[in-house]
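J.: Before I ask anything, let me first share the structure, which is written out below as C-alpha cells.
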Amino acid sequence: MNEQTAKFWNSYWASQEQKPLKDVEAFQFGADADWLAALVAEGKKTATCSAHVWYEFENESLPQVGQYNIVLNSKEEPVAIIKVTEVSIMPMNEVPEDFALAEGEGDYAFWWNAHEQFFKSELGAQGLPYSETMLLVCERFEVIHKS
C-alpha cells in the first residue's frame, strides 16, 4: 500500500469508534480501473466477481463478509473504501442477472461478453483454461467512504 492510500485509510478510521479487525487490501478493478472505480464512487457498482481458480493459483484466501478493501484508480490513488457484504461461489453461467447488473457496467449481455473476454485473456496469459461453467467468486459490497 502506498503512502497516499495508507493516509486515506488511517484518516477514515481515526474518526471511527470501531476499528477493522484485519489488514486491508488495496486494488484496482478489472481492465479499466478508472471507469470501474468511478462506478464504485457513484454507487452504481456494488458487486464484483473473479475467477475462483486465481485464488488457488495465487494461494490467496477467499474474500470474507465484513472485509474492507480500498479501491484504487489507474494511478494507484484511493477512490473508496468498500466493505464486503456477501460472498458466493457459483458457475459463471449461473450468475443471476441481478448480480450482473449490480456490477454496474451495463446490461446482462454486456456483462457476459465483457467477462468472457476478460477471463479468456487473463486466464490464457496464465496458461489456465476458460469455461462457461468455471467457478466465480461473487462479492457484493457497500461503499463506506470515498475520496
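J.: Could you check region 15-42 and list, in sequence order, the residues that are small (G, A, S) and within 20 Å of G66 (Cβ to Cβ)? Give the steps one after another, and end with the answer.
T.: Applying the first criterion (small (G, A, S)) to region 15-42 yields 15, 26, 30-31, 33, 37-38, 41.
Selection gives S15, A26.
J.: To continue, here is another question. Here's a check for you: in region 126-147, which residue that is open to solvent by 70 Å² or more (accessible area, probe 1.4 Å) and over 22 Å from L62 (Cα atoms) is modelled with the lowest pLDDT?
T.: Filtering region 126-147 for residues that are open to solvent by 70 Å² or more (accessible area, probe 1.4 Å) and over 22 Å from L62 (Cα atoms), the one modelled with the lowest pLDDT comes out as S147.
J.: Which of the residues spanning region 33-62 are in contact with a Phe, Trp or Tyr (Cβ under 9 Å, 6 or more places away or on another chain) and among the charged types (D, E, K, R)?
T.: If the condition is that a residue be in contact with a Phe, Trp or Tyr (Cβ under 9 Å, 6 or more places away or on another chain) and among the charged types (D, E, K, R), then K45, E60 are the ones that fit.
J.: Next question. Out of (1) over 17 Å from T5 (Cβ atoms); (2) not in a loop (DSSP other than H, G, I, E, B), the odd one out for L128 is which?
T.: Going through (1) over 17 Å from T5 (Cβ atoms); (2) not in a loop (DSSP other than H, G, I, E, B) one by one, L128 breaks only (2).
J.: Can you pull out the residues in region 78-125 that are open to solvent by 70 Å² or more (accessible area, probe 1.4 Å), in a strand (DSSP E or B) and aliphatic (A, V, I, L, M)?
T.: Listed by number, the list holds a single entry, I89.
J.: Residue check: is V87 within 16 Å of L135 (Cα to Cα), over 14 Å from the mean Cα position of the chain (by Cα) and among the β-branched types (V, I, T)?
T.: Here the answer is no, as V87 does not meet what is asked.
The values are calculated or read from the model by the stated rules, or taken from the named source; none is laboratory data. Everything numeric in this text was worked out from a predicted model, so none of it was measured. Note that we place each Cβ from the backbone using ideal geometry, even for glycine, and neighbour counts take in every protein chain shown. Accessible surface areas use protein heavy atoms only, side chains included; no ligands, DNA or RNA. Shrake-Rupley method; radii C 1.70, N 1.55, O 1.52, S 1.80 Å.
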